[in-house]
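Have a look at the structure below, then the notes.
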């Protein structure tokens, strides 16, 4: 795909070579995210960080990514806007807001809204999550994390063994990750969930049609034995018709250090899209895993900044210039 | 008026020469807003963008305008502040907040609040809307749009023919626009509204006293025939005592492509302060006008950035320096 | 203390020499806050300004302080975050958010929360207020104000005579100020409150054990006679079990120009942590004091920016570099 000036709305836009391009640029961004250098390549550019549904971490991650490239961020959080409440169309909102900035990141509670917005926008739009539909930068950062974690073991995504665990029916992130994995070779997936929350058949069929092996299971212990990645997810309470229904499933698959030691092969990498539910009633990933060096969940969050920097750099066509605008860092950066 | 260090609270402060000065500086800002150049003239300056009443577009427009001049923006949205809830006076709020920034843009739900705040502020204050009272940058951007749209036809504001349509009783923007138009010559205004929502007589009288022709009508079709500008407005639902009362008037004057073709002279420019209500029940300006090149509503929004850049540049006395701090643009700016 | 990379969570961390170091750096910041110069020493650095409890003035003050050093600010206001609502632990929030920025300022409604967050954070954390517990930058700015006000009279903090007035039981700021004053010599404190809202005995005992003189009184007039500083506080309504209970105490100790003239010695400096409650029912500090040159409450707010700039400069270890990155100011800065 031609990234220059493109909207990034769906992971369906990405071919394998596009993903590899994003990851190569993300790698290039690491010294800036680690504050080994500063770049000012986007000095004077403005990101419209339009979060019509709240999401602190995604919003701040996009905003920091843009700041790290030297740009400014204007933003909105939640439906403060009386405009939409006053009956304004997404078309109008897009025409107006896109006159203010150089690129827009948008989150909105309705599926399809970001695509509709992007079609009317005069500047590139990056989907920061449109309800139950897509969240492409999350899928990319998940896959980028898998790539980096495997690379440390001289492995590649081709041939990956991954268990996806939890609410696979509603989990937007695992759906998107499956679609990205289809672009690679010989992935072996184990889908671990209660039958009622199983991965949609359409996705399983697509994976198999693309030549990947898919095992469906509701037995966590039996599924962990030979995985490179154990990808746990949260019960998407807000997608159930009632709290009671959601509670039926919370806490069904709990991964903790004892389970890990007993059932996982050494160095199985643990991932989760975050936030993890640390309340006793859920406890998908126990805090006793926090000292486990294979717990990659915070490296995932860090990788999100790199992937978002890469998307901005590609869409605004500055990937080749980032290093030309580099400067030394003046301040002490503690990274404890 | 001496702009340097001034508060911009009311359009009553402006003489014709002041307006022309603002517009000249706004013209000068266009290459920056179009990202043909970047300027850093306000690098290190801080805008306090204090929106005690939410308004995404106005807030973001002011913020982007300041960023485009190189400055930083700190802001607040809504009555998050517990201070006012704790009984703090506007005087105290102004004394404190004005110690933080170089200029303040303030929106507040109460008429007169911004003037009271400005009187106590130690730095210049620009009124971003004080309830039903004033919103001077909106009036200026409306008039600036009229100037630019007419200039494309080798016309000037003097001699303008304009129809104002809709809720002319509560519409803050049309009241302010009338007051600005009084400063020009020989304007012909047609006020189209239900009688209950007519333009206040005081304003009509002032216009006539200043030598302008005013026709009052409740017949849209008959009023569109020979206008340069058709300025539509929204029913200000929040100003009515009940939704039911507001609903009586919603949708009374609908402008769409068929009406435009049948009744308007060619190239009549369509304006609206936005947001327009695109719900079926209102539909003041139909979406089928979106491809009509005379629909100027999004150019209005774009012009708002230029006018706000101009106000900041004048108040902070950097209009003459903007170009000295210009740099090339590093990134690809798509303006679709 | 070694400021480089440190968390600033409690005023208990500070020794006298640390306070003097903060104040020396704060003094150095004044030309930047007054816009006599601009510095860009933190250009490229990011502050995560995480306000999980709203506080416009503290949030904006921290944000402006960081901008004045050249850095960028990403922020959150209130519990917009669904993450904590979804059961995320403070540990996880801290691990994630600290991956985005170079330093975090955090406010949170629960006592101890900021310390817990700081322990998990990978970058330095400054406590912006953790509920009823601590607000160290407020205590520092109060003491810095006392130092500056006394210095104008060739006096030092040692030997200070101060009356603290109002709700001394719940007032976080006066508790913290007392703890800082313990580090100095021979302070004479008069604690003026209704008996039910008296300064906690533990603090009084500590002050006396440290060699300071403490008088406890509920008679305002009799207490004002020979003070250098009269420090008034607000009834902390939100700490009472009911509004009715709070109302019993509101307005008990009102300081106005008549009281000042009759009972205070000339040039007694009036302080208040702000916001002051200007409603008739409370009116702790009457507006008729606004023209009294000894009313230092807005100088306090201004000093807050200096102290916060100093904390950032020390924690990020750039105090020595600030002046090296100085530039002239391009714009007109009115400070009325």
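Read-outs: derived from the displayed coordinates by stated rules, not from any lab. Since the model is a prediction, treat every value here as computed from it, not as a measurement. Glycine also receives a Cβ, built like all others from the backbone with ideal geometry; neighbour counts cover every protein chain displayed.
The angle between the Cα long axis of helix A:16-33 and the longest principal axis of the Cα atoms of chain A comes to about 70 degrees, rounded to the nearest 10.
Each label point was placed 7 Å from the Cα along the Cα-to-Cβ direction; for residue B:210 and residue B:324 their separation is 3.6 nm. Treating each Cα of chain B as one equal point scatterer and applying the Debye formula with no solvent, the log10 of I(q)/I(0) at q = 0.06, 0.09, 0.15 Å⁻¹ comes out as -0.21, -0.49, -1.31. Per-residue mean of foreign Cβ neighbours for A:264-274 is 1 (Cβ atoms of other chains, 10 Å radius).
Give me the Kirkwood hydrodynamic radius of the range B:192-272, using the inverse of the mean 1/r over all pairs of distinct Cα atoms, in Å to one decimal. Walk me through the intermediate numbers first.
Values: mean 1/r = 0.0703 Å⁻¹.
It works out to 14.2 Å.
Distance from the Cα centroid of the range C:80-143 to that of the range C:241-306 is 30 Å (rounded to whole angstrom). Adding -39500 (n - 2.57) for every DSSP H run of four residues or longer, then dividing by how many residues chain A holds, sets the calculated 222 nm ellipticity at -11000 deg cm²/dmol. Normalised by 2.2 N^0.38 Å, where N is the number of residues, the alpha-carbon radius of gyration of the range A:137-298 equals 0.96.
Specify, per residue and in Å³, the volume enclosed by the convex hull of the alpha carbon atoms belonging to the protein assembly as shown.
Convex hull volume per residue, Cα atoms: 178 Å³.
Within the range A:80-194, the ratio Rg/Rh, alpha carbon atoms throughout and Rh by Kirkwood, equals 1.10. One compactness figure for the range B:203-336 is 1.38, namely its Cα radius of gyration divided by 2.2 N^0.38 Å. By the beta-carbon count within 10 Å of each Cβ, the least crowded to most crowded order of A:3, C:117, fewest first, is A:3, C:117. One Cα centroid belongs to the range A:202-235, the other to the range B:1-46; the line between them spans 60 Å. In a GNM of chain B with a 10 Å cut-off on Cα contacts, which of B:86, B:147, B:324 has the highest mean-square fluctuation? Its mean-square fluctuation being the largest, the pick is B:86.
Angle between the Cα long axis of helix A:136-151 and the longest principal axis of chain A, 0 to 90 degrees, nearest 10? So the helix axis and the longest Cα principal axis differ by about 60 degrees. The overall shape of the range B:166-235 is oblate: from the C-alpha gyration tensor, with semi-axes ordered a ≥ b ≥ c, the ratio a/c is 1.5 or greater and a/b is no larger than b/c. In the frame of its principal axes, the range C:20-166 has Cα extents of 55, 40, 24 Å, reported largest first.
Exposure proxy check: B:64, C:264, A:105 ranked by fewest other beta carbons within 10 Å? Working shown, then result.
Numbers: B:64 25, C:264 21, A:105 31.
With the sparsest Cβ surroundings first, the list reads C:264, B:64, A:105.
Considering only B:97, B:220, B:42, give the residue with the highest GNM mean-square fluctuation for chain B, with springs between Cα atoms whenever their separation is below 10 Å. Looking only at B:97, B:220, B:42, the biggest GNM fluctuation is shown by B:97. Counting only DSSP beta bridges with both residues in chain C, the antiparallel share comes to about 5 percent.
When you look at the Cβ of every residue in C:4-11, what mean number of other chain Cβ atoms sits within 10 Å? Intermediate values should be presented prior to the final figure.
Numbers: counts 3, 5, 1, 2, 0, 0, 0, 0.
That average works out to 1.
Axis of helix B:172-181 versus longest Cα principal axis of chain B: the two differ by about 90°, to the nearest ten degrees.
Inter-chain Cβ neighbour count for A:170-182, averaged per residue, equals 0 (cutoff 10 Å, partner chain atoms only).
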